[in-house]
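Below is one structure, written out as structure tokens, with a few remarks after it.
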Amino acid sequence: MAASKKPLVNYTTDVQHLVVEKCSPCHIAGKGNKLSLDNYDALKTNIDEVLVRIEKNPGEHGFMPMKRAKLSDSTITVFKTWKADGFVK
């Protein structure tokens with residue numbers, strides 16, 4: 001029996017709500033004063049920088065999400081897996 005293939009991480013169902021929930025209001029167009037990351041193209045273009053920043057620890061220069069607790073390992077994994085899976089929309 002072949003092992004079932006794990007579904008790919010999808011922007012629309014797996015990633016988008018995390019950006020709205022975890023990166024708001026700073027990175028949501030019209031609500032913050034930082035780079036908007038609330039759409040597929042913007043997040044895909046900036047994913048390497050996002051990953052660097054969300055993997056930092058509080059107190060480190062560039063840590064994100066600023067003024068909030070560090071994202072859980074499982075949340076960070078969603079962003080990493082989305083990139084590794086080829087940015088499925």
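The values are calculated or read from the model by the stated rules, or taken from the named source; none is laboratory data. Everything numeric here is computed off the predicted structure, so don't read it as measured data. Neighbour counts are summed over all protein chains in view; Cβ atoms, including those assigned to glycine, are modelled from backbone coordinates with ideal geometry.
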Checklist entry - If you take the residues in the stretch 21-34 that are out of contact with any Lys or Arg (no Cβ under 9 Å at 6 or more places or on another chain) and loosely packed, with under 15 Cβ neighbours inside 10 Å, which one is modelled with the highest pLDDT? => result E21
Checklist entry - Within the stretch 29-42, is even one residue touching a Ser or Thr at 6+ places or on another chain (Cβ under 6 Å) and assigned to a loop (DSSP other than H, G, I, E, B)? => result yes
Checklist entry - Can you tell me which of D41, D73, D48 is exposed (fewer than 13 other Cβ atoms within 10 Å of the Cβ), farther than 17 Å from F87 by Cβ, among the charged types (D, E, K, R) and within 13 Å of the chain's Cα centre (by Cα)? => result D73
Next on the checklist: Among the residues of the stretch 67-86, are any of a type in the set (A, V, I, L, M, F, W, C) and modelled with pLDDT under 95?
Outcome noted: yes
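Name every residue in the stretch 43-61 that is in a helix (DSSP H, G or I) and not polar (S, T, N, Q), in order of residue number. Walk me through how you get there before you give the answer.
Taking the stretch 43-61 as the starting set, the residues that turn out to be in a helix (DSSP H, G or I) are 43-55.
Those that are in a helix (DSSP H, G or I) and not polar (S, T, N, Q): L43, K44, I47, D48, E49, V50, L51, V52, R53, I54, E55.
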